[in-house]
Amino acid sequence: MASPAQQLPPGWTAEWDATHQRYLFIETHTGHTQWEPPAAGPELSPQPSVSPPPSHHAKRRQYAAGQTQAYYGVGDSLAAVPQYSAAAPQPQPTQLFTPGLAADGQFQQQQQQPPPYYGGHAEPEYINAPQQPVYPVQPPSQMGVLADQFGQMTMGHKGLRLFTTNLLTSPPEPLELRQPPPEIFLPPNSCLSQSPYANADASYQRCTLNAIPTTNSLLNKSKIPLGLVLTPYRSLKEGEEEVPVVTDTVIARCRRCRTYINPYVQFIDGGNRWRCCMCSLSNEVPQLFDWDQVRNQPGDRWARAELNHGVVEFVAPTEYMVRPPQPAVYIFLIDVSHSAIQSGMVATATRTILENLDRIPDENGRTKVSIIAFDTSLYFFTLPSGGAESSMLVVSDIDDVFLPKPTDLLVNLQEARPALETLLGRLSDMFQDNHTVGSALGPALQAGFQMMAPIGGKIMVLTASLPSIGVGALKNREDPKVLGTPKESGLLQAASPFYKTFAIECSRAQVSVDMFLFSPGYQDVATLACLPHYTAGQTFFYPAFNASRTEDAIKFAHEFGKVLAMPIMLEAVMRVRASKNLRMSSFHGNFFVRSTDLLAMPAVPQDLSYAIEVQIEDTITAPFVVFQTAVLHTTCYGERRIRVVTTALPTTSNLSEVFASADQVAIATLLANKAVERSITHRLEDSRDALFNKMVEVLTAYKASMTAAGAGASAQLAISENLKMLPVLVLGLLKNVGIRQSAQIPPDLRAYAQALLTSLPSQILIPYVYPNFYSLHNMPPECGTVGEHGIIMPPPLPLTSERLERHGLYVIEDGQTIFLWIGRDAVPQLVMDVFNLPSYEVLRGGKTTLPVLDNPFSQRVTAIIQKTREMRRGVYYPHLYIVKEDGEPPLRLWALSCLIQDRADVLPSYQQFISQLKDKVSVNSMPSFAIFNWMFM
Amino acid sequence: MGYAGWLFLFAVLMAAGLLFTAVFFMIMFSDLESDYINPVDLCNKLNQFVLPEHTAHAFLTVLFLISGQFIAFLLNAPLLAFNVRKIMNQNHVYDATEIFRTLEPHKKEIFIKLGFYLLSFFYYLYRMILALVQESP
């Protein structure tokens, strides 16, 4: 079309308005529209990125000319391909990160740009730091200008500016998900400290709104759910700062609301008293607060960690202990029935335990372990300390479980090490010829529980069969006819009450359960996952595990090893306190709610996420509010500690600020939790409807209050820039295995996906909902090499199969699986370089390990896969699947189902989804819509 | 006193008993909310009373049916059906793991039951008096 779009300055698009028969000009990053064609403004005029991107051919690998054409596509067609055929032509956005970045100057420019968050503390939540253009819709040259604007904003009027964007014309931009949440603009002097760490980092605790509405009606007007998403105990990668520890056991707390002292309190009365930031009560400062106990001299109050850091750990004095800190206890329940032995699970598991004995946290030599094997009987092993021989005791009475021996079953790891090593070495061989089918999981759990009940600790269950006898026996209730019908959610509920009542017993005795499930057939993951769910453990599922495939064995050994080595928190309770008039209303995640706001977690693994919905009970008058999460726990090294995570957020009475401060990643995490809960208590369909309606509500609210259109039809579907990715995240949730409409998903896979949706922290959850998609055959030359921030990843592509070229090589990964997609016209040279095979035809699809080859392209691909596996926190080690374009249909469909912007069966494509939303939003100016409100939120 | 009189006298006593159970449930729930009791104890305690309460109500309803008090029976039938459905779906017991999530619906249910028992108490009382008055002219 001969549109004026081509003559527009960058940052503008033109759209044909049918009603006025003329072009409408839209400034994409502000949402500003006008009828006059925009002149290139002074700040926009120097425009290096308009010049055609430098050619890469010189830098690319040198293949024969014809092949190169086929291999890389013609010219830079990638950048020119419009992402949406229906959308207006977009001259500029794609330029920025694909070829534009390759020019060295620009690349550096991006790296040097000031991080917009926390001053010098640039900790990328989503890895791939060098590719973190903070304003991807802006050409790089505007960065300076924009940074200046931000500078002025922080100095002048404090607050966030609302940028409206039109969803119809701006397709989702994967890089936006890597941006930090909207900045928190606290009122001046609210914080005692100038430290950039005074507010907890978003990876520990983030709120769906970074400016809290002062009244509930304002919140309701915005329709955005208010909630906290927290991971109080997360792992630290190399180079990340440790959580500071306050060792002098001087813990200042508010007398009334029990808030811990934090950077947002006020010192009054010459520093002798402090005013609580939550309830405004004035408290005395403890006498030893200004005393340095290590050097025995007056200390500097302002240097105390709790006044400078949002995340601190206090060493707790004896008042915080019900009993002395207990040692860490690990009991392994290993299924040795026929199927478990056959799959090689037992051999792999025992080998992994053996190899990781040194990594099990045991700093002061107190850790205790025990091993119980079970099929339809229970096998106990005595591990005499000092001796090298263990003996086996068989208990076949599973109706009334008892321990065959009072001592030597639960033993000290160090003392019984030789016996343990021999046992682990032999265990798999001992049961080599075991043909017993069936599993007495319930009795085995009871036995483990009896053994450790006085101490508490962790039970690790490794089982490959459906529990069939004794308490907790389950039936195979998988019924293909039920799938896809309203009755399906019944399969996601616990089948036997045992797993709930036992979980409560465990929680009381400080016992946590981890489940590793391996069944080749139906295993009722939904029921078994109840135990980890209510005892704060984790579920891992390896469907059709077979250790003779090295990939399976490596994945399990890697994940199991990491779980063993993980320093866990024991005997923990968590409580979230918040400023007056804010109330924690409901809790999602793996724990047991022991009282209205106390969460019991017998053991806290690293990198589990919890979501808490917050209610505004009355008008908030304070200029800012504080959320404080306190986790009282015993470290696995036998020290009682309190981890305190404090987040302060400003309040606002301005609806546009509420919208501008919304954190789409946190909202998506909260919605995932709510959707899963709803799918269990109601029907899967209800949970999908609720998700869709929530999205409609937010859009309707935005349209009614923030755009000129108000009620009635409009050609736009407006949303603020910071919520631009929310629709596609919701679409991703609707298409996730846990929630998707389908009659083909086995209930086990669904239940596991739901367990993941409710326990993954945002960093892992977001790719799980909105996978990453990279193209490898034409990635810029620096990708896959080691850059300033580790391995440089290729720029992510939008998740649509339009981007798949027939000769290409692509990676699609969602944090749980990695697909290496290879097009059917892939040149032999590419296949040779990556897979060491002569041609595409001989390549086999399926689980694989890439060969390490001596050519730069293979090394870069391997490096990218490696980085994909390591860049996130958490223990997951994704499988790598090779998917051939014309390969086996199930695998192909599975890989394609990750491309969520495409249409799949009944599930809409992104454009269809957006137009559905738009239709709904235009209809929804009617009051009948209010019905949905109370249904979901 | 004829059989109708005795029947409604019995019904009045039953309704009073059911009324007390409902009040007890209400008190326990508010205890839970204000943290005087933990959810495990609460559920253990309440679950002892769920089945007896349902049985008592079912017994009364059946008694009305066989004694031909159809109005009284029809009044009680919906609640009976509701209780039976709950037992069939096996969600009549309180689940300690979900109690905080389901507290509001539970409270609402108990509140409605309380109202129902109160009304039926007065209805039975009225019918009893009516029966007595009719007997002794």
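The one condition from (1) in a strand (DSSP E or B); (2) at positive phi; (3) not hydroxyl-bearing (Ser, Thr, Tyr) that A:PHE627 does not meet is (2). Does A:ASN836 satisfy the criteria of being surrounded by fewer than 17 Cβ atoms within 10 Å (Cβ to Cβ), in contact with a helix residue (DSSP H, G or I) (Cβ under 6 Å, 6 or more places away or on another chain) and not aliphatic (A, V, I, L, M)? Judged against the criteria, A:ASN836 is not a match. Take the residues of the stretch A:417-432 that are buried (at least 18 other Cβ atoms within 10 Å of the Cβ) and in contact with a helix residue (DSSP H, G or I) (Cβ under 9 Å, 6 or more places away or on another chain): which is farthest from A:GLY387 (Cα to Cα)? Per the stated criteria, the residue is A:PHE431.
Condition check ((1) assigned to a loop (DSSP other than H, G, I, E, B); (2) out of contact with any helix residue (DSSP H, G or I) (no Cβ under 8 Å at 6 or more places or on another chain)) across all residues:
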residue: A:PRO171; (1), (2): yes, no
residue: A:GLU176; (1), (2): no, yes
residue: A:LEU186; (1), (2): yes, yes
residue: A:SER195; (1), (2): yes, yes
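In this structure, does A:GLU505 turn out to be away from chain B (no Cβ under 14 Å) and surrounded by fewer than 22 Cβ atoms within 10 Å (Cβ to Cβ)? It is false that A:GLU505 is away from chain B (no Cβ under 14 Å) and surrounded by fewer than 22 Cβ atoms within 10 Å (Cβ to Cβ).
Return yes or no: is A:ASN262 outside any loop (DSSP other than H, G, I, E, B) and surrounded by 15 or more Cβ atoms within 10 Å (Cβ to Cβ)?
No, not satisfied.
Residue check: is A:VAL593 away from chain B (no Cβ under 14 Å) and either free of Cβ contacts under 8 Å to residues at least 60 places away in the same chain or crowded, with 19+ Cβ neighbours inside 10 Å (or both)?
Values: away from chain B (no Cβ under 14 Å): no; either free of Cβ contacts under 8 Å to residues at least 60 places away in the same chain or crowded, with 19+ Cβ neighbours inside 10 Å (or both): yes.
The answer is no for A:VAL593.
Quick one: would you say B:PHE10 is in contact (Cβ under 8 Å) with a residue 40 or more places away in the chain, away from chain A (no Cβ under 14 Å), touching a Leu at 6+ places or on another chain (Cβ under 9 Å) and of a type in the set (Phe, Trp, Tyr)? Judged against the criteria, B:PHE10 is a match. Among residues of the stretch A:896-924 that are in contact (Cβ under 8 Å) with a residue 24 or more places away in the chain and β-branched (Val, Ile, Thr), those with a Cβ under 8 angstrom from a residue that is surrounded by fewer than 16 Cβ atoms within 10 Å (Cβ to Cβ) and in a loop (DSSP other than H, G, I, E, B), sequence gap 6+ or separate chain, pair up as A:VAL906/A:GLN741. Pairing each residue of the stretch A:406-435 that is outside the structural domain of A:GLU389 (by TED's automatic domain parsing) with any residue that is modelled with pLDDT of 85 or more and buried (at least 16 other Cβ atoms within 10 Å of the Cβ), provided the two are 6+ apart or on different chains, yields no C-beta distance under 6 Å. There is no residue in the stretch A:288-302 that is out of contact with any Cys (no Cβ under 8 Å at 6 or more places or on another chain) and at pLDDT 85 or above. Applying a threshold of 9 Å to beta carbon distances and a minimum spacing of six or more residues, or different chains, the list of pairs starting in the stretch A:242-264 at a residue that is farther than 24 Å from A:ASN189 by Cα and in the same structural domain as A:ASP290 (by TED's automatic domain parsing) and ending at one that is of a type in the set (Asp, Glu) and crowded, with 20+ Cβ neighbours inside 10 Å reads A:VAL243/A:GLU313; A:VAL245/A:GLU313; A:VAL246/A:GLU306; A:VAL246/A:GLU313.
If you filter the stretch A:541-590 down to residues that are within 14 Å of another protein chain (Cβ to nearest Cβ) and touching a helix residue (DSSP H, G or I) at 6+ places or on another chain (Cβ under 9 Å), you find that the one that is surrounded by the fewest Cβ atoms within 10 Å (Cβ to Cβ) is A:SER586. Pairs linking a residue in the stretch A:517-539 that is more than 12 Å from chain B (Cβ to nearest Cβ) and surrounded by 24 or more Cβ atoms within 10 Å (Cβ to Cβ) to a residue that is basic (Lys, Arg) and assigned to a strand (DSSP E or B), with Cβ atoms under 9 Å and 6 or more positions apart or on different chains, are A:GLY537/A:LYS458. Take the conditions (1) free of Cβ contacts under 8 Å to residues at least 12 places away in the same chain; (2) more than 26 Å from A:ARG234 (Cα to Cα); A:TRP302 misses just one of them, which is (1). Being surrounded by fewer than 21 Cβ atoms within 10 Å (Cβ to Cβ) and modelled with pLDDT of 85 or more: is that true of A:LYS487 here? Criteria not met by A:LYS487.
Taking the conditions exactly as written (more than 14 Å from chain B (Cβ to nearest Cβ), surrounded by 23 or more Cβ atoms within 10 Å (Cβ to Cβ), acidic (Asp, Glu) and closer than 28 Å to A:CYS191 by Cα), does A:ASP663 satisfy them or not? Yes. B:GLN48 meets all of the listed conditions (1) within 17 Å of the chain's Cα centre (by Cα); (2) within 14 Å of chain A (Cβ to nearest Cβ) but one, namely (2).
Any idea which of B:LEU42, B:LEU19 is in contact with a helix residue (DSSP H, G or I) (Cβ under 9 Å, 6 or more places away or on another chain), more than 13 Å from every other protein chain (Cβ to nearest Cβ) and surrounded by 15 or more Cβ atoms within 10 Å (Cβ to Cβ)? Working first, answer last.
Values: B:LEU42 fails: more than 13 Å from every other protein chain (Cβ to nearest Cβ).
The unique qualifying residue is B:LEU19.
Would you call A:GLN606 outside any strand (DSSP E or B) and either without any contact (Cβ under 8 Å) to a residue 60 or more places away in the chain or buried (at least 19 other Cβ atoms within 10 Å of the Cβ) (or both)? When the stated conditions are applied, A:GLN606 passes them. Within the option set A:PHE402, A:PHE381, being within 27 Å of A:GLY438 (Cβ to Cβ) and surrounded by 16 or more Cβ atoms within 10 Å (Cβ to Cβ) holds for one residue only, A:PHE381. Residues of the stretch B:92-106 that are in a loop (DSSP other than H, G, I, E, B) and more than 7 Å from chain A (Cβ to nearest Cβ): B:HIS92, B:VAL93, B:TYR94, B:GLU98, B:ILE99, B:THR102. Candidates are the residues of the stretch B:67-91 that are loosely packed, with under 13 Cβ neighbours inside 10 Å and farther than 22 Å from A:ILE680 by Cα; the one that is nearest to the other protein chains (Cβ to nearest Cβ) is B:ALA81. When A:LYS674 is tested against (1) of a type in the set (Lys, Arg); (2) surrounded by fewer than 22 Cβ atoms within 10 Å (Cβ to Cβ); (3) modelled with pLDDT of 90 or more, exactly one condition is not met: (2). Per the listing A:ILE616, A:ILE612, the residue uniquely among the β-branched types (Val, Ile, Thr), within 14 Å of chain B (Cβ to nearest Cβ) and in contact (Cβ under 8 Å) with a residue 12 or more places away in the chain is A:ILE612.
The values are calculated or read from the model by the stated rules, or taken from the named source; none is laboratory data. A quick note: this is a predicted structure, and the numbers were derived from the prediction, not measured. Methodologically, a virtual Cβ is constructed for each residue, glycine included, from the backbone with ideal geometry; neighbour enumeration extends over all protein chains shown.
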